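Colleague: Please see the structure below; I have some questions.
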Amino acid sequence: MTKNFTLTLLILFTVLIPLFAQESLQQRLERHVNVLASDSLEGRGLGTEGRLRTIQYIENEMQKMGLQPFQEDSYFHDFYFKVGLVNLQGRNVVGIIPGKDPVLKNEYILIGAHFDHLGYDWYQDGSKKIYPGGDDNASGVAGLLETARLILQAEVQPKRSLVFIAFDAEESGLIGAEYFVNAEKTFPNEAIKAMFSLDMIGMLSTVKELELKGWNTLADADELLALAQGRQAIPVKRGFEIERHTDTWPFGSRGIPAVHVHTGLKSPYHKPEDKADLLDYDGMAKITKFLAGLTMEMANAETLEPARNFNATVAVYGKPLKFGAQFGIGSSRNINETSSYREFGLGAIEAGLYSRWRISRTFELAVSTLYDLNGSLVEGERFRRHSITVPALIRANSFYAEDGLFRLFSGVGPYFRQHVRQRLSEGAQEVLGPLVEFPDQEWGISFQLGFQVSKITVTTEWRSAVTQPFKLPGDTEIYNRNFRVGIAYEF
């Protein structure tokens, strides 16, 4: 009896102790971050032993959980690049869950997170100043691994194939992602239906919502999100624009819907203080469950396509129609081009809204609606006008950066002014006489030069009227001339 009881206890301990010892999702996430952000991995910088140990750690985790190798029996996608005068080898770590549907398995969803960081510097006393990158991006790699694990453990497996990629050399310019996009693979880029980049997901309790930047580049985005919220509810902020500063960009710039999964720059970004103990692991667990559910909804949807208004051109240059606010200062004066009549100008100011419609990569139509304070001196006295000015210009780009972030342009087109109020001083009225008429409208031509950096546009603009603001006694024709320096911000 005693022997049987003892044997029963041994069996129970053998079975139950591993169950009690199993890590929760939150604990596994914390373990990954503690390893990846440890000082022993030296900030996971290029050329460090710590980076090599990071690669080995990620490979071992993928192998243990049951992800299939990327190609043949290898989880590695190797590439070569140059930083300065140094030739380096990069290595992405890639695992796959093959789709179960005989047709849809040939479509792919990519879930990525970069594992590299800034490495270390030296303090004056000779010790290392390590940049551990707890949130950037040990948090993303931990989320990547555990999203894969949750999907592998699910009862229903994905119809589409899922590719989990830990990218190298993101901090050096998105190099690992760029090489993966350009690499010869067992599937073409056209088969990639969507891509996620988990980059800094450790601050949910601080920012209160998860950002899915680029989510609206997918068709049926709202329906898919609602289904995922039914699995794991989480506050979400979403948008259309592709993030250029993480691994989404090489995919999005080729017309592949690419979503940046992010909880903001609330951690000590790119500083030695970005350590594992600062992260919100409960929030990371919620994000990981949400992403696993979202990925499964996408993987098993009947169709998964880009939004109708999204393609590579839109990703690089933005939506065809954009709006913004505009402000300008300059001068305004009245002159006669053929006679000696010239009055000193007055300062001018304008503010309002503008829109621009991209016709092609080279040409666009820009239309503004501005409240415009202008005028000049008349016989030494002030002549002020309060106007609504509407310039409409055809702009031509003389230079456009390939990433769409900078351009130079020139423009020409008509403008129209509706004068709301015109005021001539009493002294000028006495000189000009009581019968002088002031038309309440003005037409003219605008010439513009400018440049744009991201969402900010700076312009210089010359406006030359073809209708007269008033007539002097006799046959002297007077025309208004304006100059503005403007700045605009796109919403």
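The values are calculated or read from the model by the stated rules, or taken from the named source; none is laboratory data. This is a predicted model, so every value here is computed, not measured. Counting neighbours? That spans all protein chains shown, and the Cβs are built from the backbone with ideal geometry, glycine included.
Colleague: Hand me the list of strands (runs of 3 or more DSSP E) wholly inside the stretch 83-200 holding 2 or more residues that are in contact with a strand residue (DSSP E or B) (Cβ under 6 Å, 6 or more places away or on another chain) and either among the aromatic types (Phe, Trp, Tyr) or not assigned by TED's automatic domain parsing to the domain that holds PRO268 (or both).
Modeller: The strands (runs of 3 or more DSSP E) meeting that bar are 161-167.
Colleague: Residue under question is ASP247, and the condition is that it be under 28 Å from ASP121 (Cβ atoms) and under 12 Å from the mean Cα position of the chain (by Cα); does it hold?
Modeller: yes
Colleague: Going by the conditions given, is LEU225 assigned to a helix (DSSP H, G or I) and either of a type in the set (A, V, I, L, M) or buried (at least 21 other Cβ atoms within 10 Å of the Cβ) (or both)?
Modeller: So LEU225 fits the description; yes.
Colleague: Please go through the stretch 270-313 and pick out each residue that is among the small types (Gly, Ala, Ser) and in a helix (DSSP H, G or I).
Modeller: ALA276, GLY283, ALA285, ALA292, GLY293, ALA299, ALA312
Colleague: Let me ask something else. Could you look through the stretch 268-279, keep only residues that are crowded, with 23+ Cβ neighbours inside 10 Å and out of contact with any Phe, Trp or Tyr (no Cβ under 8 Å at 6 or more places or on another chain), and pick out the one that is nearest to GLN232 (Cα to Cα)?
Modeller: Only one residue fits best here, namely LEU279.
Colleague: If a residue must be surrounded by fewer than 19 Cβ atoms within 10 Å (Cβ to Cβ), assigned to a loop (DSSP other than H, G, I, E, B) and aliphatic (A, V, I, L, M), how many such residues does the stretch 228-245 contain?
Modeller: 2
Colleague: Would you confirm whether any residue within the stretch 319-339 is modelled with pLDDT of 95 or more, assigned to a helix (DSSP H, G or I) and either of a type in the set (Asp, Glu) or surrounded by 14 or more Cβ atoms within 10 Å (Cβ to Cβ) (or both)?
Modeller: No, the stretch 319-339 has no match at all.
Colleague: Can you find a residue in the stretch 128-135 that is closer than 15 Å to PHE167 by Cα and not acidic (Asp, Glu)?
Modeller: Within the stretch 128-135, one or more residues are closer than 15 Å to PHE167 by Cα and not acidic (Asp, Glu).
Colleague: Quick check on my filter: what residues within the stretch 74-90 are more than 26 Å from the chain's Cα centre (by Cα) and aliphatic (A, V, I, L, M)?
Modeller: LEU85, VAL86, LEU88
Colleague: Sticking with this structure for a sec: Would you pick out the residues in the stretch 114-149 that are surrounded by fewer than 18 Cβ atoms within 10 Å (Cβ to Cβ) and touching a residue at least 60 places away in the same chain (Cβ under 8 Å)?
Modeller: Hits for the stretch 114-149 are LYS128, LYS129.
Colleague: Could you please find all residues in the stretch 173-211 being surrounded by 17 or more Cβ atoms within 10 Å (Cβ to Cβ) and modelled with pLDDT under 95?
Modeller: LYS185
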